[in-house]
Amino acid sequence: MSNVTLKVNGKAHTLDIDPSTPLLYILRNDLELRGPRFGCGLGQCGACTVIINGVATRSCITPVSTVKSEVITLEGIAKNGKLHPVQQAWIDEQVPQCGFCQNGQIMTAKALLDKNSNPTDTQIREAMAKTLCRCMTYYRVQLAIKRAAKAIASLGSNRSKEVVA
Amino acid sequence: MTAFTNIPKQVEEVLEKWNVTTSRRSFLKSSGLLVVSFTAAPLIPTASAQVPATAQAAGGPYPDPDFHQLDSWIVIHEDNTATFYVGKTDLGQGTGTSFRQMMSDELDIPFDKTTCIMGTTNLTVDQGGSGGSDAIQVDGWPMRRVAAEARRVLLDMASKRFGVPVDDLVVNDGVITVKADPTKKVTYGELIGSKKFNVTLTAANNNIDNTTGVAKVKPVQQLKMVGKSPQRYDIPPKVDGSLTWAVDVKLPGMVHARNVKPPVAGAKLVSIDESSVRNIPGLVKVVSKGNYVAVVCEREEHAIQAARQLKVNWEKPSTAAFPTSDDLFKFMRNATPTSKRQPNVVGNPDAALANAAKVVEAEYEMPFQGHTAISPAHALADPSNGQMTIYSNDMKSYGLRNGVAQFLEMPRDRVRVVWMDGPQAYGRTAADDAGFEAAFLAKEIGRPVRVQWMRKEETAWDTKGPAFTFKVRGALDAQGNLVALDFNARAADYNHLGYNEADTVLIAQLMGRRRSMPAPGNADIPSDMYAIPNRRMIAEVVSLPMIWETPLRTGNLRDPNGPQVTFAAESFIDEMAAAAEADPVQFRLKLLSAGTTDDSGFRRARSLAVVKTAAETFGWDTRPSPKRPGNGNILTGRGVAYTYRGQTVLTVIAEVEVNRKTGHVWVKRLVCAHDCGLVINPEALRRSIEGGMLHSLSRALYEEVKFDSEKVTSEDWITHPTLTHLDAPAKIDLLLVNGDPNPNRPDLPHYGAGEASLKPTIAAVANAIYDATGVRLRRVPFRDARVLEALKAAGV
């Protein structure tokens with residue numbers, strides 16, 4: 001056991017834990033976060049996805065000792081009480097069935113759109129390929145990503161209009 | 001001191017969130033339900049609530065809510081909002097939203113002033129939880145009727161208050177007004193808020209499904225929310241991370257458990273070397289009984305580590321538990337059936353086959369397929385104060401309560417199950433098992449225990465949908481009419497597990513509990529409305545060598561037998577159409593048009609409507625299959641399949657691309673015409689149908705449980721591949737059809753939709769592959785290697 005400091009969703013936490021512990025258990029059991037979830041513990045399904053340094057990362061196979069940057073979880077992507085456009089698109093498109101995997105779908109989609117705000121269908125499929133859903137909401141997830149991309153683009157153009165004005 | 005455990009704060013927060021303005025706590029303080037349903041003890045003791053000793057002696061803290069009391073179903077609050085208490089669980093198809101639509105319409109209260117509490121055994125009446133696609137079809141009726149009854153009672157109260165007959169009153173959005181004097185008005189909340197209805201309902205045969213008051217339900221034309229698509233209330237908390245799932249519940253003093261499963265099926269526990277885990281921090285206990293072994297630790301990651309590290313000496317059984325997955329179908333074909341349904345015979349199939357112009361024979365095979373939930377099974381059990389509370393996503397929470405009470409030999413009214421959201425529970429999953437394990441361990445340890453299975457455990461040991469073999473023969477007359485069908489289905493389904501039975505859950509089996517008569521299991525015959533004059537349909541069950549403590553234990557998987565049987569039946573109809581050189585849609589329409597004796601629910605007319613609608617929407621070109629394959633690497637084709645489930649009729653058309661070089665199949669487009677009667681929430685229904693089709697597509701293209709002769713070797717997402725984002729169709733068209741001969745009838749019934757769309761999809765894909773390539777695939781799944789091999793063998 002040793003003291004580990006973790007920054008999660010803007011807040012720093014110091015914890016006395018075994019540094020080899022996968023990040024997921026710390027997020028869920030010590031920091032009381034519910035977004036990232038255990039699906040396989042093998043890095044295969046994506047239910048545990050968080051974003052670190054802009055990269056969608058599988059927290060179930062990430063030892064806490066290797067985390068050097070801020071961890072963003074599903075709880076941390078809404079800003080000023082407003083849902084992230086990806087989350088809003090998920091509601092507008094009514095994506096989830098059971099919803100258990102959707103943390104991984106949303107966080108992986110956000111990481112994709114942060115890098116590529118206007119992905120092609122193929123880019124979406126490939127970026128999302130390893131994020132599994134047993135309710136098979138893939139078709140809706142892809143529609144929602146396109147919807148979110150449009151929303152983000154229109155936010156951007158509004159912002160540039162404001163600047164011009 | 002309060003005598004009984006509070007619902008965890010997080011759970012209460014969820015309940016409060018669902019409740020528009022009134023918290024559960026204050027509701028319980030003020031509502032009639034408290035008195036009606038919790039005569040022995042309050043659910044959530046308030047600061048001042050003491051449980052009288054006499055009440056404890058008289059009974060446990062969790063008596064069943066009485067479904068004969070209107071107060072058990074509906075509570076109207078002073079602020080003119082309503083809470084509905086229903087005994088169902090929502091697996092993610094939005095049934096909770098639909099229940100609110102149906103009940104708010106009958107009650108005449110705005111939809112957004114209602115909430116719905118589901119599936120918690122001591123809070124909600126026992127409607128059995130979920131199963132059989134019956135939420136809307138069956139359970140929706142008592143919900144509608146009790147809401148209509150509440151409206152009637154409220155109108156009666158207003159009539160007395162204003163001294164005018166009920167006919168002189170009008171009700172709108174929970175406000176009753178005197179027609180002649182609109183200044184005279186009263187809200188539901190003013191009439192009943194904080195008071196009980198005290199109305200006793202009746203239920204023929206004491207069956208909750210028959211629950212009714214005096215009032216009649218409204219004609220369809222007067223329903224306002226039914227048919228609209230309000231967004232599902234459970235989705236926002238699922239996308240912002242605020243929902244508390246069963247997997248999230250934490251209690252003070254809670255410990256974590258992991259199972260140690262036998263390494264091979266039927267292994268006997270010889271000894272455990274507890275010193276092997278002595279170095280694990282916070283080790284609470286190694287628990288074992290019979291062949292059941294678990295470790296319990298203060299922290300979750302340590303429980304995982306301990307389960308991996310624990311040295312257990314097992315003795316392998318002397319004989320093979322089962323044939324290997326490669327030998328399975330041969331084994332099944334040669335086995336002597338353990339049970340056989342009475343053959344369903346019409347006409348004289350043998351004579352018709354003997355005199356046929358053309359006879360076609362085919363055999364089909366469908367492997368074991370798993371639930372493999374995205375989250376492994378889990379549950380938390382709290383044993384405090386002589387009661388047991390289990391937090392679980394088990395879709396049949398009432399059964400779990402009954403089973404655990406029996407298993408632990410506790411009075412039923414000292415056990416409750418709090419149903420919470422969880423990973424998809426499409427049938428009999430290991431959520432059942434985890435609930436029992438948590439309760440057993442909690443009782444052993446005397447502290448709240450959270451159990452979660454690991455991925456490999458889940459994929460290998462969860463219940464399986466039964467494997468099937470089929471032998472089918474069909475006869476055409478000289479005109480190409482299908483005149484005989486001889487259909488034999490055989491399922492490896494002996495000792496099929498029920499739900500939550502104290503002598504069949506895995507922990508009971510591992511502890512050596514055995515029932516004297518294993519469940520006989522089931523096979524099934526096709527569901528179609530085809531007029532085939534001579535038919536013989538046989539459904540048989542066979543057994544694998546090992547029936548107890550086996551990872552090939554069968555349990556219901558989203559329409560237990562429908563996808564398998566419909567794969568064979570609708571593939572074969574396509575084979576007959578090809579033999580008759582007929583267009584597959586026209587061939588089916590002809591069989592449907594000829595008429596059959598059984599036409600309950602106008603199923604024949606509705607069947608014709610869905611086949612025609614699907615074909616029109618798809619842009620079906622009338623021609624026989626297969627089409628002439630082109631020269632390129634990508635071969636395209638389309639296939640159709642039709643069936644019904646209960647009274648829900650549907651047709652699926654798949655358009656495929658088959659890669660001649662790799663064998664890869666992409667289902668580029670799916671069309672589904674679906675008639676489930678009165679539609680409650682069209683958008684939620686569309687997504688439910690879509691999810692069902694894609695689940696079935698995964699079963700068609702990828703899913704197969706593989707095993708050697710002693711263990712399941714499909715144990716994670718690599719060894720058990722499924723559909724992924726790469727496989728999503730480019731286009732899905734869903735047509736919600738109302739094929740009733742009198743589509744506007746005021747009593748149009750609502751049928752089930754949770755599973756129907758799984759049935760025809762596999763056959764539609766197989767038929768499309770045949771259309772594209774001329775190669776008939778009779779063995780599921782259609783993974784690349786198998787397709788490529790078949791194409792090569794056929795010289796395509």
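Quick note: the coordinates plus some simple rules give every number you see, no bench work behind them. Because the structure is predicted, anything quoted here is derived from the model rather than measured. Here Cβ is always computed from backbone atoms with ideal geometry, including for glycine, and neighbour counts include all displayed protein chains.
Applied to region B:347-358, the Karplus parametrisation 6.51 cos²θ - 1.76 cosθ + 1.60 on θ = phi - 60° returns per-residue 3J(HN,Hα) values of x, 10, x, 5, 5, 5, 5, 5, 9, 6, 6, 8 Hz, with x for Gly and Pro. Take every DSSP beta bridge whose two residues both sit in chain B; close to 75 percent of them are antiparallel. Note that region B:394-405 has calculated 3J(HN,Hα) couplings of 3, 5, 10, 5, 5, x, 4, 4, 4, x, 5, 4 Hz, one per residue in order, obtained from phi through the Karplus relation 6.51 cos²θ - 1.76 cosθ + 1.60 (θ = phi - 60°); glycine and proline are x. As a length-normalised measure over Cα pairs under 8 Å and 6 or more apart, the relative contact order of chain B settles at 13 percent. With a cut-off of 14 Å between beta carbons, the residues surrounding B:HIS378 carry a summed charge of -3, where Lys and Arg count +1 and Asp and Glu -1.
Most simply put, the protein assembly as shown has about 75% antiparallel DSSP beta bridges, counting only bridges with both residues inside it. Per-peptide packing, taken as the mean over residues of other Cβ atoms within 10 Å, places B:413-423, B:126-136, B:313-323 in the sequence B:413-423, B:126-136, B:313-323 from highest down. Counts of other chain beta carbons within 10 angstrom of each beta carbon in peptide A:125-132 average 4. For B:ILE117, the residues whose modelled amide H falls within less than 5 Å of its own, excluding neighbours fewer than 5 places apart on the same chain, are B:PHE84, B:TYR85, B:VAL86. Computed from phi, the 3J(HN,Hα) profile of region B:690-706 under the Karplus parametrisation 6.51, -1.76, 1.60 (θ = phi - 60°) reads 4, x, x, 4, 6, 4, 5, 4, 4, 5, 5, 9, 10, 7, 7, 7, 9 Hz, with x in place of Gly and Pro.
For chain A, the longest principal axis of the alpha carbon atoms and the long axis of helix A:102-115 meet at an angle near 60°.
With a simple spin-label model that places each label point 7 Å from the Cα along the Cα-to-Cβ direction, the separation between B:LYS311 and B:ALA354 comes to 7.1 nm.
Each residue in B:ARG783, B:ARG687 was given a count of other beta-carbon atoms within 10 angstrom of its own, and listing them fewest first yields B:ARG783, B:ARG687.
Taking every residue in A:20-29 and counting other chain Cβ atoms within 10 Å of its Cβ, the average works out to 3. Within 10 Å of the Cβ of each residue in B:365-375, the mean number of Cβ atoms contributed by other protein chains is 3. Rg of the Cα atoms in chain B, relative to 2.2 N^0.38 Å, amounts to 1.00. Within the shell defined by Cβ-Cβ distances under 12 Å, the residues around B:GLY474 carry a net charge of 0, with Lys and Arg each +1 and Asp and Glu each -1.
Charge tally for B:GLY619 (other residues, Cβ to Cβ under 11 Å; Lys, Arg +1; Asp, Glu -1): -2. In plain terms, the residue of B:ASP71, B:ASP727, B:ASP64, B:ASP112 with the fewest other Cβ atoms within 10 Å comes first and the most crowded comes last, giving B:ASP112, B:ASP64, B:ASP727, B:ASP71.
Here B:LEU269, B:LEU485, B:LEU154 are placed in order of increasing Cβ neighbour count within 10 Å, fewest first, which gives B:LEU269, B:LEU154, B:LEU485.
Global size of the protein assembly as shown: 28.5, 87 Å for Rg and Dmax (C-alpha atoms, Rg to one decimal, Dmax whole). The calculated FRET efficiency for the pair B:ASP66 and B:ASP784, based on their C-beta separation and a Förster distance of 35 Å, comes to about 0.05.
Spin-label model, A:THR122 to A:SER65: label points 7 Å out along the Cα-to-beta-carbon direction sit 4.2 nm apart. Taking amide H positions as modeled 1.01 Å from N, with prolines and chain starts lacking one, the residues under 5 Å from B:LEU169 and 5 or more places away or on another chain are B:LYS179.
Backbone amide hydrogens, once placed in the peptide plane, bring A:HIS13 within less than 5 Å of A:LEU6, A:LYS7, A:VAL8, excluding anything fewer than 5 places away on its chain. Checking the cross-link pairs B:LYS179/B:LYS224; A:LYS82/B:LYS238; B:LYS316/B:LYS456; B:LYS196/B:LYS396; A:LYS68/A:LYS130; B:LYS261/B:LYS340 against a 27 Å limit on the alpha carbon distance flags B:LYS196/B:LYS396; B:LYS261/B:LYS340 as lying beyond it.
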